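Accompanying notes for the structure given below.
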Amino acid sequence: MVRSSRFARLPATFLGLALAYPVVAAALAVDARTQVAPYVSLYTAVGVAAGRDGGFVVVWEEDSRVYARAYDADAAPRGGRQLVSGLGAKVLGLDPRIAALPDGNFVVVWVFARERFFPSVFPEVVRAQILSPQAELLGQSVDVGFREKFSSVASGPEVIVDPFGAAVVAWRVGALQGRRLFTVHGDEGPVLVPGEVFAIGDGEAPVLAPVPGGFAAAWIHHPSRSSPYRVVIRPFAVDGTGARPLRDELRIDCTPSPDPKKKPSSIVAVRITSDASGRFVVGWQEALVGQDPDRVIRALRFAADGTPVEGTFDILSLPAPPEDGSGHFLYMGDLSARADGTLLAMWGLVTETPIPCERTDPADICPPPNTDGVVFARAFNAGGDPRGPELQVASEEYTYPRVASARADGWVVTYQDFLDFSAATLALDDCGGAGPEGLCLGGRFLLTASWKTD
């Protein structure tokens with residue numbers, strides 16, 4: 001595989017990949033190569049949603065434009081790629097997300113912007129568009145709301161479909177806002193009709209999960225340098241064309257630093273998932289300053305009405321790195337609950353080990369450290385107890401976890417190997433009778449590739 005050295009130390013880009021329904025493993029043969037886009041770009045955002053017939057639609061950001069492409073249940077393309085965000089030298093399409101609608105169509109949301117990296121009088125606008133199962137544009141796009149200019153994917157948008165079939169979009173502009181989008185079928189096809197804009201809370205990185213009667217939201221809150229990082233959770237009930245909070249916010253503060261003179265410990269990621277009954281789990285990653293362990297992924301379970309169930313439990317805790325100069329970097333992946341409440345947690349661990357080097361001349365350059373990235377997954381029962389040991393899903397020089405989607409016999413998980421995005425199937429307690437209780441690795445397949453393979 002040919003890789004340019006200019007990208008050798010790029011940090012992992014955030015991949016917003018929303019699987020509204022599971023990608024059926026049988027639809028994609030093990031080790032099949034499904035090329036979604038040309039080998040040209042650094043993909044900063046990708047989304048996938050599967051429909052009722054096992055087909056699926058992929059959306060991705062390429063050269064600051066949003067494209068979509070549809071595939072059938074056998075991973076055969078349903079036509080070519082479709083430009084979603086529009087043309088124009090200064091028209092940008094950013095940070096796409098996608099979800100499947102009950103009528104078999106899909107809704108994609110993205111950010112419309114102009115001259116993102118230069119001063120501009122134009123705001124960033126969250127837009128939505130209906131796509132057919134063939135990724136054809138149906139009707140006109142609609143504006144959902146303004147997003148903060150020059151912001152990151154931590155400002156959204158995020159999209160799910162609530163129990164009543166409406167799309168729920170969340171994004172940040174000053175504070176977190178939400179809006180439901182209703183599909184109306186007319187003589188000329190389906191049309192998106194925006195409902196009322198409603199307030200969600202103050203913070204960033206909103207995530208959503210459907211619950212009976214509405215949805216649950218979680219986000220990160222850090223109002224000032226002197227205040228602690230916290231995770232905020234709040235359930236909402238749909239109300240007319242908008243939504244209203246069901247109860248007060250629940251705030252969970254990050255573990256404080258033992259030395260108040262140092263920078264505070266922080267929360268770097270938050271995830272949420274719900275099962276068929278509406279019970280949901282919120283997980284978050286803490287980066288703790290001056291403590292051992294100094295990197296922790298914690299979770300808290302909730303009843304469908306938003307009442308916490310028992311206390312937090314640790315999904316993973318890592319000790320401080322050794323004193324040999326090695327660096328360990330933890331990346332939280334997704335949380336995904338099956339219908340019965342069984343939880344899958346993903347995380348990635350990148351280890352950098354220095355190579356001994358003696359410089360006899362100041363101009364000498366030492367080689368970069370050896371890098372090894374591993375993606376892990378582990379299953380937990382509905383009470384938060386582990387079901388078997390952790391499973392190594394993939395291992396490459398640079399490998400980072402992305403999202404997971406539950407299905408009847410396990411999960412489909414996605415991960416990034418440098419600039420390539422792949423998926424794997426996992427089964428639970430089905431190791432051919434030879435393995436212990438826990439997760440088993442099925443097959444792997446390629447979703448998108450950014451580099452040519454020799």
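Annotations
- Within the range 284-299, the set of residues being at pLDDT below 75 and either in contact with a Gly (Cβ under 6 Å, 6 or more places away or on another chain) or surrounded by 21 or more Cβ atoms within 10 Å (Cβ to Cβ) (or both) is empty.
- For the range 198-229, filtered to residues that are among the small types (Gly, Ala, Ser) and open to solvent by 50 Å² or more (accessible area, probe 1.4 Å), the residue that is farthest from Arg271 (Cα to Cα) is Ser226.
- Taken as a whole, the condition of being in contact (Cβ under 8 Å) with a residue 60 or more places away in the chain and over 26 Å from the mean Cα position of the chain (by Cα) applies to Pro368.
- Single residue of Val268, Val193 found to be assigned to a strand (DSSP E or B), open to solvent by 50 Å² or more (accessible area, probe 1.4 Å) and modelled with pLDDT under 90: Val268
- Residue ID - modelled with the highest pLDDT, chosen from residues in the range 406-419 that are open to solvent by 10 Å² or more (accessible area, probe 1.4 Å) and touching a strand residue (DSSP E or B) at 6+ places or on another chain (Cβ under 8 Å): Tyr415
Matching residues to (1) closer than 26 Å to Val108 by Cα; (2) touching a strand residue (DSSP E or B) at 6+ places or on another chain (Cβ under 9 Å); (3) modelled with pLDDT of 90 or more:
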{"site": "Glu188", "(1), (2), (3)": "yes, yes, no"}
{"site": "Ala209", "(1), (2), (3)": "yes, yes, yes"}
{"site": "Pro223", "(1), (2), (3)": "no, no, no"}
{"site": "Leu246", "(1), (2), (3)": "no, yes, yes"}
{"site": "Lys261", "(1), (2), (3)": "no, no, no"}
{"site": "Pro264", "(1), (2), (3)": "no, no, no"}
{"site": "Ile272", "(1), (2), (3)": "yes, yes, yes"}
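- Index of the failed condition, Thr241 passing every other in (1) out of contact with any Asp or Glu (no Cβ under 6 Å at 6 or more places or on another chain); (2) polar (S, T, N, Q); (3) surrounded by fewer than 21 Cβ atoms within 10 Å (Cβ to Cβ): (1)
- Taking each residue of the range 316-343 that is at pLDDT below 85 and among the polar types (S, T, N, Q) and looking for partners that are buried (at least 21 other Cβ atoms within 10 Å of the Cβ) and not in a strand (DSSP E or B) with beta-carbon atoms closer than 7 Å, six or more apart or interchain, yields nothing.
The values are calculated or read from the model by the stated rules, or taken from the named source; none is laboratory data. Computed from a predicted model, the values in this text were never measured in an experiment. Backbone-built Cβ (ideal geometry, glycine too); neighbour counts: all protein chains shown. Remember, those area values only see protein heavy atoms, side chains included, never the ligands or the DNA or RNA. Shrake-Rupley method; radii C 1.70, N 1.55, O 1.52, S 1.80 Å.
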